[in-house]
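Accompanying notes for the structure given below.
Nothing in this text is a laboratory measurement; each read-out follows from the coordinates by a stated rule. Being a predicted model, the structure only gives us computed values, none of them experimental. Every residue, glycine among them, receives a Cβ derived from its backbone with ideal geometry; neighbour counts consider all protein chains shown.
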Amino acid sequence: MASSKEYMEFVMEQLSDLDDVSYHAMMGEYVIYSRDKIVAGVYDDRFLVKLTKSAVSILPKAPMEIPYPGGHPMLMVEDIENRDLLRDLFNAIYADLPTAKSKKKH
């Protein structure tokens, strides 16, 4: 089941207080970026964030979900209307993730 554009727009509205958050549609689902890093996504109309140490400390009771068959577990954000929580969560996950490696041109 693909995610609805309406749900993705709702998620982006909830994230509108954050700087430089964008998304990319991919095979009926959506990948969410904070600055230059993938931090979350919308899969089957579920808002899921990367499973990092900080994410678990902020959402200790969040259910772990598989975004798609073969995907790595992610945390489901249930309190999506709490913008302060989302800001803290995205900033913490961003800090946990490694810096993107630059691609060499051949």
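Rounded to the nearest Hz, the phi-derived 3J(HN,Hα) couplings of region 59-74 under the Karplus curve 6.51 cos²θ - 1.76 cosθ + 1.60 (θ = phi - 60°) are 10, x, 9, 5, x, 8, 10, 9, x, 7, x, x, x, 6, x, 10, where x marks glycine and proline.
Return the calculated 222 nm mean residue ellipticity for the chain, to the nearest 500 deg cm²/dmol, obtained by summing -39500 (n - 2.57) across DSSP H runs with n ≥ 4 and dividing by the residue count.
So the helix-based figure for the chain works out to -8500 deg cm²/dmol.
Restricting attention to region 5-96, the count of lysine pairs at 8 or more positions apart or across chains with alpha carbons under 20 Å apart stands at 4. Amide H to amide H distances under 5 Å link PHE47 with VAL77, where only residues 5 or more positions off or on other chains count and H is placed in the peptide plane.
Rounded to whole numbers, the Karplus 3J(HN,Hα) couplings from phi for region 4-19 are 7, 4, 4, 5, 4, 5, 5, 4, 5, 4, 5, 8, 5, 6, 8, 7 Hz, using 6.51 cos²θ - 1.76 cosθ + 1.60 with θ = phi - 60°, and x at Gly and Pro. Restricting region 32-95 to trypsin sites (Lys or Arg not before Pro) that sit in a DSSP loop and have at most 12 other Cβ atoms within 10 Å of their own Cβ leaves LYS61.
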